[in-house]
1. Please name all residue pairs, on different chains or six or more residues apart, with Cβ atoms under 9 Å, provided the first residue is in the stretch 204-231 and is in contact (Cβ under 8 Å) with a residue 60 or more places away in the chain and the second residue is of a type in the set (K, R) and part of a helix (DSSP H, G or I).
2. Between a residue in the stretch 143-168 that is more than 14 Å from E130 (Cα to Cα) and any residue that is in a helix (DSSP H, G or I) and among the aromatic types (F, W, Y), which pairs come within a Cβ distance under 9 Å, given they are 6 or more apart or on different chains?
3. Regarding R138, is this residue under 21 Å from the mean Cα position of the chain (by Cα), surrounded by 14 or more Cβ atoms within 10 Å (Cβ to Cβ) and at negative phi?
4. Those residues that are without any contact (Cβ under 8 Å) to a residue 24 or more places away in the chain and touching a Ser or Thr at 6+ places or on another chain (Cβ under 8 Å), I need them from the stretch 234-270; list them, please.
5. Could you tell me which residue of the stretch 175-187 is farthest from the chain's Cα centre (by Cα), considering only residues that are outside any helix (DSSP H, G or I) and surrounded by fewer than 16 Cβ atoms within 10 Å (Cβ to Cβ)?
6. Given the structure, is D197 open to solvent by 70 Å² or more (accessible area, probe 1.4 Å), in contact (Cβ under 8 Å) with a residue 40 or more places away in the chain, under 30 Å from P181 (Cβ atoms) and in contact with a Lys or Arg (Cβ under 9 Å, 6 or more places away or on another chain)?
7. Going residue by residue through the stretch 162-173, is there one that turns out to be part of a helix (DSSP H, G or I) and within 30 Å of R288 (Cα to Cα)?
8. Conditions first: (1) in a helix (DSSP H, G or I); (2) modelled with pLDDT under 95; (3) open to solvent by 10 Å² or more (accessible area, probe 1.4 Å). A210 passes all but one, so which condition is the exception?
Amino acid sequence: MKRTLAILAICASFTALAAPAAAPSATVRAGATVRLDPTAANVKRVRAALHAARSEEHKIDQVRLLGSLYSRSNASGMNDIIMGELRTLAASPSRRIARSAIYPLAQAVGADDTIEILLRAKRAGLMESEEIAGELARALRFAPREQQLRYVQLIAAEQSRYGVDVMIMGFGSELLDPMLPETRQAIGELLRRTRIDFPRNADSFGYVDAIRYAGWLHASALTEQWVSRQPYEVTVMAHLDDPELDPRKLIAYLGTPEGKELMARVGRRAPFAGAVRRASGYADAYPRSLHVKKLVADIVGSWHKLPA
């Protein structure tokens, strides 16, 4: 939840700086606006609509709805039927229908089956490396601890920035605590190889870059606590104290709830004085970036509340 709030906070600050996203297709809108309870009656109703669908678009809508009715608690009592239907659809000659079934199927099956389904989809040209890594990262938290190391290794093998971004979304102790030591070690190595940088243009401060960097630093510090027993604060402060660190990274992290919480936990202004000065200098250098100035003003305000 905290990670989600951090993302929302940064998004709110930088919405005006982001490029406008493409409008979702009618199919996506239709699938996204319908929410059905996972009951047997709804499963039967969606399956009937799926079999009666005449157009590919309508069929894909029903596939998405059917996938949404699968629940880990098997609330409908029809998980096996849903999975059987999805397996059949995943073998469809229609690339789009097959892809629409692969996503919910990969999330529903066991850990070994998830890997096999995704790698088979890649071999068939149905999914790219970025998609494979993203789905593996989504499934990581649900995989048995004995399987998680393989998931992390496969994410690393895809060399996907997106996979790492998905993995660190919602990253916290609830994910790391149950993991085997070798899995945490592999995550730490992966994070060290995938450092986040902002664009070369110094006046470019996109909210996506800010989210990605703040999430990466937070996940790296949490993982380092387990791998080397180095306190979270030590890892983060080592980054923030680097005189060569891009000031946009200072703003990205200190502008999150985690950043403000760290300042409150350290409890003194002095350790953050250099970072706050450099963040303020960046905001002053680009006075037209009003959203950045607002965020930096908020950081400075939090800093001033600390005892000297």
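1. Close Cβ pairs satisfying both conditions: F205/R248; A210/R248; A210/K249; A214/K249; G215/R3; H218/R3.
2. Pairs found: A143/Y151; I168/W216.
3. yes
4. Passing the criteria: only T235.
5. Only one residue fits best here, namely L180.
6. yes
7. Yes, that holds for at least one residue.
8. (3)
The values are calculated or read from the model by the stated rules, or taken from the named source; none is laboratory data. From a predicted model like this one, the values you see are computed outputs, not experimental measurements. Quick reminder, even Gly has a Cβ in these numbers, built from the backbone with ideal geometry, and neighbours come from all protein chains shown. Just the protein is used for accessible areas: all its heavy atoms, side chains included, with ligands, DNA and RNA removed. Shrake-Rupley method; radii C 1.70, N 1.55, O 1.52, S 1.80 Å.
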